[in-house]
Amino acid sequence: MSGQPLLTVKGIDAFYGTSQALFGLDLEVRAGQVMALIGRNGAGKSTTMRALMGLVPAAAGEIALAGRTLSGAPPYIAARRGLGYVPEDRQIFTAHTVEENLEIAEKPGTDGRRFWTIQGVYDLFPILRERRHGAAGRLSGGEQQMLAIARTLMGNPDILLLDEPSEGLAPIIVDQIAEVVLSFRRAGLTVLLAEQNMHFCLRVATDVTVISKGVSVFRGDVEAFRANDDVKRHHLTA
Ligand code: ATP
């Protein structure tokens with residue numbers, strides 16, 4: 001079940017220097033949706049996430065969160081306003097312990113509540129409890145991805161932005177991450193997920209936005225996406 005539009009993106013352009021990556025991109029994420037952003041390599045999925053977080057300026061268009069504009073906001077404001085970003089390269093503090101990474105990230109949500117606790121994220125990822133006193137840099141790739149997600153949860157976000165969470169991970173770990181995203185879905189947490197792994201997307205997502213060459217070319221629920229061979233043929237196969 002999904003509710004009101006939580007995140008609305010209308011017509012954003014984004015550039016790296018003079019090179020344009022997004023061309024009037026539209027996106028809408030409703031409360032409770034797990035929205036998969038699917039596209040080929042270089043389609044603009046990561047750039048969309050970076051534009052939402054204010055890490056790449058949106059040169060045109062509008063970004064609104066819960067009806068309030070977010071356009072032009074720097075990353076710390078985007079985070080304070082409820083966006084929880086798990087970047088593709090995870091950016092954990094490798095010299096700090098697992099638990100320190102979690103403590104540093106702890107903050108109340110936009111409603112002032114502290115839903116997620118260290119024990120709560122350890123229950124979600126028991127391996128992190130076992131590794132809590134070890135340096136984060138010594139974790140495996142999969143454990144680092146779990147820590148990156150757990151750390152973002154500690155900020156009690158209204159929307160979780162996951163950039164390629166399955167990338168480079170062994171199938172058994174991808175499976176565990178998929179189960180965790182499914183648990184978010186059951187709990188009604190809103191998620192925007194950028195993924196290349198179609199199997200992962202179709203397993204966890206409620207809705208799909210297809211992005212091709214910096215433009216959104218399809219929006220619909222997972223069933224509509226499955227049924228649309230045209231969009232798959234033209235925008236997703238090599
Ligand atoms: P991938 O799955 O490969 O990360 P993506 O869909 O996330 O793909 P983006 O990383 O958003 O795509 O890239 C969109 C376009 O912007 C591509 O043409 C890419 O080459 C370009 N681009 C991305 N990052 C940079 C950067 N730091 N500097 C210059 N161009 C960039």
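The values are calculated or read from the model by the stated rules, or taken from the named source; none is laboratory data. Note that the coordinates shown come from a computational prediction; the quantities given were computed from them, not determined experimentally. Here the Cβ positions follow ideal geometry from the backbone for every residue, glycine too, while neighbour counts run over all protein chains shown. Each accessible area value is taken on the protein alone, full model and side chains, heavy atoms only, with ligands, DNA and RNA left out. Shrake-Rupley method; radii C 1.70, N 1.55, O 1.52, S 1.80 Å.
Cβ-Cβ under 6 Å, sequence separation 6+ or interchain: first residue in segment 22-39 and over 12 Å from residue 218 (Cα atoms) and aromatic (Phe, Trp, Tyr), partner in a strand (DSSP E or B) and open to solvent by 10 Å² or more (accessible area, probe 1.4 Å). Which pairs?
Here the result reads 23/215, each pair linking segment 22-39 to a residue that is in a strand (DSSP E or B) and open to solvent by 10 Å² or more (accessible area, probe 1.4 Å).
Please enumerate the residues belonging to segment 1-21 that are open to solvent by less than 10 Å² (accessible area, probe 1.4 Å) and either among the small types (Gly, Ala, Ser) or on the phi > 0 side of the Ramachandran plot (or both).
Of the residues in segment 1-21, the ones open to solvent by less than 10 Å² (accessible area, probe 1.4 Å) are 7, 9, 12, 14.
Across segment 1-21, the qualifying residue is only 14.
Could you say which residue among 24, 32, 72 is assigned to a loop (DSSP other than H, G, I, E, B), on the phi > 0 side of the Ramachandran plot and modelled with pLDDT of 95 or more?
Working: 24 fails: assigned to a loop (DSSP other than H, G, I, E, B); 72 fails: modelled with pLDDT of 95 or more.
When all the criteria are applied, what remains is 32.
Can you pull out every residue in segment 28-57 that is in contact with a Ser or Thr (Cβ under 8 Å, 6 or more places away or on another chain) and either open to solvent by 70 Å² or more (accessible area, probe 1.4 Å) or within 13 Å of the ligand (Cβ to nearest atom) (or both)?
Of segment 28-57, the ones in contact with a Ser or Thr (Cβ under 8 Å, 6 or more places away or on another chain) are 28-40, 43, 56.
Across segment 28-57, the qualifying residues are 30, 36, 37, 38, 39, 40, 43, 56.
How about segment 186-221: which of its residues are open to solvent by less than 30 Å² (accessible area, probe 1.4 Å) and without any contact (Cβ under 8 Å) to a residue 24 or more places away in the chain?
Answer for segment 186-221, where residues must be open to solvent by less than 30 Å² (accessible area, probe 1.4 Å) and without any contact (Cβ under 8 Å) to a residue 24 or more places away in the chain: 218, 220.
How many of the residues in segment 91-146 are basic (Lys, Arg) and out of contact with any Lys or Arg (no Cβ under 9 Å at 6 or more places or on another chain)?
The number of residues fulfilling the criteria is 3.
Which residue pairs have Cβ atoms under 9 Å apart, sit 6 or more places apart or on different chains, and have a first residue in segment 105-122 that is over 12 Å from residue 157 (Cβ atoms) and a second that is of a type in the set (Gly, Ala, Ser) and outside any helix (DSSP H, G or I)?
Correct list of pairs: 106/155.
Of the conditions (1) touching a helix residue (DSSP H, G or I) at 6+ places or on another chain (Cβ under 6 Å); (2) surrounded by fewer than 17 Cβ atoms within 10 Å (Cβ to Cβ); (3) assigned to a loop (DSSP other than H, G, I, E, B), residue 129 fails just one. Which one is it?
Status for residue 129: all satisfied but (3).
How many of the residues in segment 191-234 are assigned to a loop (DSSP other than H, G, I, E, B) and away from the ligand (no atom under 13 Å from the Cβ)? Steps first, answer last, please.
Of the residues in segment 191-234, the ones assigned to a loop (DSSP other than H, G, I, E, B) are 196-197, 205-206, 213-214, 228.
Subsequent filtering for residues that are away from the ligand (no atom under 13 Å from the Cβ) retains 205-206, 228.
Number satisfying all stated conditions: 3.
Would you check if there is a residue in segment 65-81 being closer than 24 Å to residue 185 by Cα, open to solvent by 40 Å² or more (accessible area, probe 1.4 Å) and within 16 Å of the ligand (Cβ to nearest atom)?
No, the conditions are met nowhere in segment 65-81.
Any residue at all in segment 168-176 that's within 16 Å of the ligand (Cβ to nearest atom) and assigned to a helix (DSSP H, G or I)?
Yes.
Of the residues in segment 54-78, how many are under 18 Å from residue 193 (Cβ atoms) and in contact (Cβ under 8 Å) with a residue 60 or more places away in the chain?
1
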